[in-house]
Amino acid sequence: MNKTKHLLLWSSVGVWLLLVVAAVQENYWREWRQVQASATAPDGPLEIRLRQVVNPTLNISDRCVSCHVGMAPGESGISGPRLAVVHKPVVHDPAEMGCTTCHGGQGAATDKDDAHGDVHFWPEPMLAKNHLYAGCGSCHTTLNIPNAAVFEHSRSTFERLDCLACHRVDGRGGTLRPDKGGMEGPDLSRVGMTGFKADWYPQHLAKHNEAQTGVWKTSFGPISEADQKTAEAFLSTRVAAPRLVEAKAQFHSLGCMGCHKIGGGMGGDAGVDLARSGLKDPGQLNFAQVPGAPTLSNWLAEHFRSPAGLVAGSQMPMLGLSENQIELLTLYVLSLRRRDVPGSYLPKDRVSAMRFNGREFSSDGATLFSALCSGCHGATGQGMRYPGLPPFPAIGKSDFLSLVSDEFLTETITKGRPGRKMPKWGELGLKPEDVAALIGYLRQLSVTPAKVETTPARWVKADPNWGRQLFAASCAGCHGTKGEGIEGPALNNQVFLRSATDSLLTETIKNGRQGTAMRGFSQPSSVFPALTPAEIEAVTAFIRTWEEKKP
Amino acid sequence: MTVKAGKPKSRLDPEPLPRRDFLGLASLWATAGALFFAALGMLRLPRTAVLSSPSKKFTASLPDNLAEGEAFVPPGRATAIFKDKEGVYAISTICTHLGCVVKPSAEGFECPCHGSRFHPDGTVAKGPAPKPLPWLKISVSGGKVTVDEGTTVKEGTKV
Amino acid sequence: MNQADQQPTHSQPTDALSEFWKNLKAAPRLLKETAFRTGKPTTDRSRSSFVFGNVFLHLHSVRTHRWSLRWSTTMGLGIASTSAFLITLVTGILLMFYYKPYTDVAYQSIKDLHFVVPTGRFIRNIHRWAANVMVICVMLHMARAFYTAAYRKPREFNWLIGMGLFVTTLGLSFTGYLLPWDQLAYWAITIGANIAQSPRELTDIHNITTWFDPGGLNRLILLGSDKVGPEALIRFYLLHIMILPLVLVALMAVHFWRIRKDGGLARPADATERVGETLEPVQPVFTEKPTKTYHLAALVKGRTPAVGNGPEGTVPSMPHLFYVELSVLMVTTLICLGLALVLDAPLKELANPSVPENPAKAPWYFLGLQEMVAFSAFMGGIGIPTVVLFGLGLIPFLDREKAGTGEWFGGPGGWPLVKRSIWIGLGAALLVEAFVIRFGWLREWFPGIPQLIITFVNPGTVLTLLYAAYSVWLVRKWNSTRAGALGLFTCFLCGFLVLTIIGTYFRGPNWEFFWSPADWPKH
């Protein structure tokens, strides 16, 4: 009996003690309580309570502000630990848009590790400081971003024109201060979103002409039309996210879109669609080969270093990128986190992309080439060879460009080359004017002017049977006995046969294609004897026999 | 205290309990205390710590053609914003009687629930409402107004 | 009526007023007197009144045999199960303040409970741990009842009620598993629902699934759809908070009522002599042994356990039994609270129907089944459990022996037999598992083998047959059903233990064997 009473007494006391511990834990030991206790409001100690940003439209209730209490709605003048400071001034009011909308992480949580998403069961950890701009991709679709070279050119033009004397852009410039006898122009950091007046140049010029002395006279002068265009191209990329624009320019420089689409937009089909790649769940990724912490950014970076090393069976070649390029590409892929945004919060650029086919890449020939073609054909059209993939032909060399007509190029770009990796860009969204811009860009890669056809398209009149024997001896090893293509490209494909002229065929056989395995047959090699012009014509005639619909 | 059984007394006799059962009492009180403390803790649970309602502060842009004395009620908000020569001001449209949302009208505000009427400045004209409609803190920046429904200001404050 | 009739009968109205004041002053005392009609429970009679005059206590007998009060008799497991249930009940009701059973907000509401609801995290942890404690206590309680042969006459039916309570407890725990709507929940329930569908394994073989599909019906009724979705969530919620608790409470009432009507806990015939002299004088209500049983309203015929038994060896339930019950309640609470303080209830990622958890594990007490399900969903998930439950239910009707009732490991063979059975049970289970893990099973050797053969010849059935054969041998050796039952029950308990431990600790992604979770493929 007494034993039972003792058991009751001590178990009750134990329960009571555990309850006390729980109460202390609940009321004193919570991280956010300690943070708030160490902060002070302007009129005395800060009231300790859970704070949050609620926005039913965006479906968020972010408790981040329980620790980052300076950013909580309605709080001002709070001093205390570093994490209790106010948010940097930004366009989006944190008290309205919440925290996770841009930063990611777990808004519901009130403990640091959980909130920052550094726990294995939270699929979307917070974006690291150096990848902050990726958060913009949740809602925004920055449009018309040129490739890195064009972008760099536009930026240097902008700086060369000394616009930064009066204007501030991304925290730089505006050096001619009013109190120093100068004047300050508007901040242009977001001008790509807000837009600028089309007649800015005549207005600037009028001011310049009116002024007798002062900054308008000294710091502004007439600008050439080309420079105006370039400066405007730069301005249209200013969306208060300079690093993201740089990353996107890098993406448009490496020809990634030759294989990848983003959310069903323009791009090749060889690779996966990259939409929402920035929201990959780190818990589902294999980190066995990834150095450093198991974060998505580390995985992406390692993936760029060695694609097949992380994703078994990946066809993506090793691109040999610099660490800076990898960093930029990682940032870009992290920004591929587009969400459904309620109508009242849809940004202009996103609407433009959704409804009016606004493009994320700009449509100049250089950007089109580097964004779509350079992955396979090389940055200067020199052709590429990746292990495990068929060689990609050079298209930027004069031997090729001098042989082909614009029609042949247009046909090939639009209709593709069946049996090869070359996709039908006409069906993937490339417009005729884009093709023209591309060809224009290609043409200026070599000094050779476009071939002007003086001879008729079909002039070869040789014996195809003779050609058959020659083809079997010299060509079938690479192109296949029926021209179906083995290591070399298929020759029996109708698009090619229709668009290639006899001159193109004979010249190519005679001189070969630089940067590919195709050698010129006018000279003998260790394996093949040389072909005479008549023999070359015979081979051409034989190739022509595969054409189903003669012109 | 071994007592031999088998000496049945009357069933009405009290049992010789130990006079002070300190241990029994202590254990029972400890149990009661622990359970009471647990009940106190559990009572805290229903008292919600964070509300699911959005921030009381909101920003709206006034229509350009807002006439003097005409109320602008931002969608989904219980606040009427007015503009006149002296500036803009905001009046809560939550009836001070029992919390119905009052309707702005030409004569002021009408409450549909129990017939309270308010003057255009929010003071009570008739009906059961005990207090005038509160004026809310409002600020203007760049063509947009920011209203804090959580902070009332003195009647007649216009910015 | 005229005014004269309305005259007060009291001559002095001031008296009524003073009466009023007197009564008002006496109100607190009267309140106490009317609430507790008996005085202080100091005499045997007033203690009896205290028990049967109180609606919450009157399920107890007014006197309790001292054999029942020994810790070694029950180890308090029945009361502990009840206590754990009460704790889950209270904490569960509290959780319902915030839980929203809709797929789009359920997960978020659990996050809210964890992070912002005052005491929410602690309450949810207690709920989770109390549920686990309840499952363990119910299992151990069942084992206790078996090993003390407490299922024997007249308690046969109460054993069946107890089995109903066991199944209901598992059902409660399982339905609660889905409610957080996280990956763990989603995939455990997907597996569970497909086990419910597994009778198709048999109907498919006979090509009768199109017109006779009990498996599909099971699943459809359980999920309300073809996959785990909002319909399933609301059904599981309803089962968890309403249907199963009601069933459990009803069964508990019958269970307790029958304990009393069956004469308290099972004890040996010579229990009174073995507990020895009472420490207190006996002051019985009945001074001689009754010859009839007093039921509620009449003297009824027949013999109930009270007939022929005097108060020897008993003590008043108030306070002896209640001290024991209260202390078990507090110890159970202490355990649940302690666990809740140290270990948080798990909550994984939001349920994602396109990415299965790997490994997707059911609650721990089903992992033994999951181990067998890896070969045949029907046999492991439905066949063998049904056979085991059926066998358990038959025990009291097959074992009509007398020897050893109320004693631990009572009956022929006793503890040595149980000890040997433990080794055999563990050994057989380990051997079968080791063989399967090392060499695989029929499907690996003969890829074209029909499912029907695997359904009936798989490690689960092999193990069951081994145990059954051992049990039959025991029955013949000891010439006693009880001996066979002791062996069989012990073996199944050991098999359950081995399979559960392997399923919990040694199975990794793709249900492959790993010595430790550290060896799992890195993800």
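Conditions (1) within 30 Å of residue C:378 (Cα to Cα); (2) free of Cβ contacts under 8 Å to residues at least 12 places away in the same chain, marked per residue:
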{"site": "C:221", "(1), (2)": "yes, yes"}
{"site": "C:225", "(1), (2)": "yes, yes"}
{"site": "C:236", "(1), (2)": "yes, no"}
{"site": "C:243", "(1), (2)": "yes, yes"}
{"site": "C:248", "(1), (2)": "yes, no"}
{"site": "C:251", "(1), (2)": "yes, no"}
{"site": "C:257", "(1), (2)": "no, no"}
{"site": "C:264", "(1), (2)": "no, no"}
Legend entry - Verdict on residue C:375 being part of a loop (DSSP other than H, G, I, E, B) and surrounded by fewer than 22 Cβ atoms within 10 Å (Cβ to Cβ): yes
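Yes/no per residue for (1) outside the structural domain of residue C:249 (by TED's automatic domain parsing); (2) touching a His at 6+ places or on another chain (Cβ under 7 Å); (3) under 30 Å from residue A:33 (Cβ atoms):
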{"site": "C:107", "(1), (2), (3)": "no, no, yes"}
{"site": "C:130", "(1), (2), (3)": "no, no, yes"}
{"site": "C:137", "(1), (2), (3)": "no, no, no"}
{"site": "C:158", "(1), (2), (3)": "no, yes, no"}
{"site": "C:167", "(1), (2), (3)": "no, no, no"}
{"site": "C:185", "(1), (2), (3)": "no, no, no"}
Legend entry - Search result, residues across the range C:383-401 that are surrounded by fewer than 16 Cβ atoms within 10 Å (Cβ to Cβ) and without any contact (Cβ under 8 Å) to a residue 60 or more places away in the chain: C:386, C:390, C:394
Inset, instruction - For the range A:189-199, name all the residues that are surrounded by 17 or more Cβ atoms within 10 Å (Cβ to Cβ) and out of contact with any Leu (no Cβ under 6 Å at 6 or more places or on another chain). - result: A:189, A:192, A:193
Legend entry - Number of the condition not met by residue C:58 [criteria: (1) within 28 Å of residue A:50 (Cβ to Cβ); (2) away from chain A (no Cβ under 13 Å); (3) outside any helix (DSSP H, G or I)]: (1)
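Farther than 30 Å from residue A:28 by Cα and touching a Phe, Trp or Tyr at 6+ places or on another chain (Cβ under 6 Å), is that true of residue C:138?
Here the answer is yes, as residue C:138 does meet what is asked.
Would the range A:27-50 turn up any residue that is among the hydrophobic types (A, V, I, L, M, F, W, C) and under 22 Å from residue A:341 (Cβ atoms)?
no
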Legend entry - Residues satisfying the stated conditions in the range A:52-97, i.e. within 10 Å of another protein chain (Cβ to nearest Cβ) and not aliphatic (A, V, I, L, M): A:52, A:55, A:56, A:57, A:59, A:61, A:63, A:66, A:73, A:74, A:93, A:96
Inset, instruction - Report, by residue number, each residue of the range B:74-125 that is of a type in the set (Ser, Thr, Tyr), under 23 Å from the mean Cα position of the chain (by Cα) and surrounded by fewer than 16 Cβ atoms within 10 Å (Cβ to Cβ). - result: B:123
Inset, instruction - Look at residue A:440 and say whether it is part of a loop (DSSP other than H, G, I, E, B) and either surrounded by fewer than 21 Cβ atoms within 10 Å (Cβ to Cβ) or outside the structural domain of residue A:252 (by TED's automatic domain parsing) (or both). - result: no
Inset, instruction - Identify all residues within the range A:19-45 that are touching a residue at least 24 places away in the same chain (Cβ under 8 Å), more than 30 Å from residue C:336 (Cα to Cα) and not hydrophobic (A, V, I, L, M, F, W, C); write none if there are none. - result: A:36, A:38, A:40, A:42
Legend entry - Residue that is touching a Phe, Trp or Tyr at 6+ places or on another chain (Cβ under 8 Å) and away from chain A (no Cβ under 12 Å), where the choices are C:42, C:38: C:38
Legend entry - Residues located in the range A:199-220, provided they are among the hydroxyl-bearing types (Ser, Thr, Tyr) and at pLDDT below 90: A:213, A:218, A:219
Inset, instruction - Considering each residue of the range A:51-107, count those that are of a type in the set (D, E, K, R), crowded, with 17+ Cβ neighbours inside 10 Å and over 32 Å from the mean Cα position of the chain (by Cα), and give that number. - result: 3
Inset, instruction - Go through (1) free of Cβ contacts under 8 Å to residues at least 40 places away in the same chain; (2) within 13 Å of another protein chain (Cβ to nearest Cβ); (3) under 30 Å from residue B:34 (Cβ atoms); (4) not in a loop (DSSP other than H, G, I, E, B) one by one and return the number of the condition residue A:48 breaks. - result: (4)
Legend entry - Residue check, residue A:214 among the small types (Gly, Ala, Ser), more than 29 Å from residue A:351 (Cα to Cα) and touching a residue at least 12 places away in the same chain (Cβ under 8 Å): yes
Inset, instruction - For residue A:522, state whether it is farther than 21 Å from residue A:399 by Cβ, over 36 Å from the mean Cα position of the chain (by Cα) and among the hydroxyl-bearing types (Ser, Thr, Tyr). - result: no
Inset, instruction - Output the residues belonging to the range C:203-257 that are in a helix (DSSP H, G or I), closer than 15 Å to residue C:103 by Cβ and of a type in the set (Val, Ile, Thr). - result: C:234
Legend entry - Checking residue A:487 against (1) surrounded by 15 or more Cβ atoms within 10 Å (Cβ to Cβ); (2) in contact (Cβ under 8 Å) with a residue 40 or more places away in the chain, the condition it does not meet: (1)
Legend entry - Search result, residues across the range A:256-291 that are in a loop (DSSP other than H, G, I, E, B) and within 14 Å of chain C (Cβ to nearest Cβ): A:276, A:280, A:281, A:285, A:286, A:287, A:288, A:289, A:290, A:291
Inset, instruction - Hey, could you check the range C:61-84 for residues that are assigned to a helix (DSSP H, G or I) and either more than 24 Å from the chain's Cα centre (by Cα) or hydroxyl-bearing (Ser, Thr, Tyr) (or both) and say which is surrounded by the fewest Cβ atoms within 10 Å (Cβ to Cβ)? - result: C:72
Inset, instruction - Hey, can you tell me all the residues within the range A:491-528 that are assigned to a loop (DSSP other than H, G, I, E, B), over 15 Å from residue A:402 (Cβ atoms) and either touching a Lys or Arg at 6+ places or on another chain (Cβ under 7 Å) or among the hydroxyl-bearing types (Ser, Thr, Tyr) (or both)? - result: A:492, A:493, A:516, A:521, A:522, A:525, A:526
Inset, instruction - Please state which of the following conditions residue A:155 fails to meet, knowing it meets all the rest: (1) charged (D, E, K, R); (2) within 14 Å of chain C (Cβ to nearest Cβ); (3) buried (at least 19 other Cβ atoms within 10 Å of the Cβ). - result: (2)
Legend entry - Lone qualifier among C:503, C:495, C:427 - being in contact with a Ser or Thr (Cβ under 9 Å, 6 or more places away or on another chain) and either assigned to a helix (DSSP H, G or I) or not assigned by TED's automatic domain parsing to the domain that holds residue C:372 (or both): C:495
Inset, instruction - Say whether the condition of being under 13 Å from the mean Cα position of the chain (by Cα) and farther than 30 Å from residue A:161 by Cβ is met by at least one residue in the range A:228-249. - result: no
Inset, instruction - Return yes when residue A:414 is free of Cβ contacts under 8 Å to residues at least 24 places away in the same chain, outside the structural domain of residue A:191 (by TED's automatic domain parsing), hydroxyl-bearing (Ser, Thr, Tyr) and within 17 Å of residue A:440 (Cα to Cα) and no when it is not. - result: yes
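The values are calculated or read from the model by the stated rules, or taken from the named source; none is laboratory data. Bear in mind the structure is a predicted one, so any value in this text is a computation, not a measurement. With ideal geometry, Cβ positions are generated from the backbone for all residues, glycine too; neighbour counts draw on all protein chains shown.
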